[in-house]
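Visitor: Have a look at this one before I ask anything.
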Amino acid sequence: MKNLKELITTYKDYPRKGIEFKDVLGIIQEPKIFKELTLEMASSEIIRNSEAIISIDARGFIFGSAISLHALKPMIVARKPGKLPGELYERNYSLEYGKNSLSVQKKALQRYNNYAIIDDLLATGGTVNCVSEMLEDISGLLVVVELSKLKGRSKFDFPVESILSF
């Protein structure tokens, strides 16, 4: 997919010193490229082998929604604290620049048995690991960008696909 890498901006020392933040939001400002990307991701074996998609707050929602629509798969959200009503599964995790937690509605997970996890970026794997701990069966992880030098994929025993690697 030509031009995709050019649409990702790197911000050095954001959100704190020593971090090189990869901003994927330039992709959604190019509708033809965004559509081509999400169609490609929706055709992944990881998506085909899942019953539902779990998208991670917040950029994962953007890509997950489009993939869900193209693949005709239900989408469940993993949200940051205080954003979901009802009974929740909650897990804490560490990022390369801090700590946080994610929640998923129990009711949403009761309807499906197998999930594809969607996010914009894979770095150390902490966020994805947090979500995976709430699930029993995972068909895989699908991300737009992988920071391969951080070796996040090595933490998982399920398939990982990334469109771009830095």
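All of the numbers you see were taken from the coordinates with simple rules; none came from a lab. As the structure is a prediction and not an experimental result, all values here were calculated from the model. Note that each Cβ is placed from the backbone with ideal geometry, even for glycine, and that neighbours are counted across all protein chains shown.
Visitor: Quick one: dipole size for the chain, taken about the Cα centre, charges +1 on Lys/Arg Cβ and -1 on Asp/Glu Cβ, in debye to the nearest 20.
Guide: For the chain, the charge dipole is close to 340 debye.
Visitor: Let me ask something else about it. Suppose we keep just the DSSP beta bridges with both residues in the chain; what percent of those would be antiparallel, to 5?
Guide: Bridges in the chain are about 40 percent antiparallel.
Visitor: Starting from 0.36 nm per residue, how many nanometres of slack lie between residue 101 and residue 39 once their C-alpha separation is accounted for?
Guide: Gain in length upon complete extension: 19.3 nm.
Visitor: Oh, and also: Under unit Cβ charges (Lys, Arg +1; Asp, Glu -1), what dipole magnitude, rounded to 20 debye, does segment 73-166 have relative to its Cα centre?
Guide: For segment 73-166, the charge dipole is close to 240 debye.
Visitor: Could you work out the helix-only [θ] at 222 nm for the chain, with each DSSP H run of four or more residues adding -39,500 (n - 2.57) and the total divided by the number of residues, to the nearest 500 deg cm²/dmol?
Guide: -6500 deg cm²/dmol
Visitor: Kindly state, as a whole number, the per residue volume in cubic angstrom of the convex hull around the alpha carbon atoms of segment 112-158.
Guide: 61
Visitor: Same structure again: For 119, 23, 157, 57, what's the fewest-to-most ordering of other Cβ within 10 Å of each Cβ?
Guide: Ascending number of Cβ neighbours within 10 Å: 157, 23, 57, 119.
Visitor: Past the 30 Å Cα-Cα mark, which pairs from 5/155; 99/149; 2/99; 107/149; 32/99?
Guide: Table pairs above 30 Å Cα-Cα are 2/99; 107/149; 32/99.
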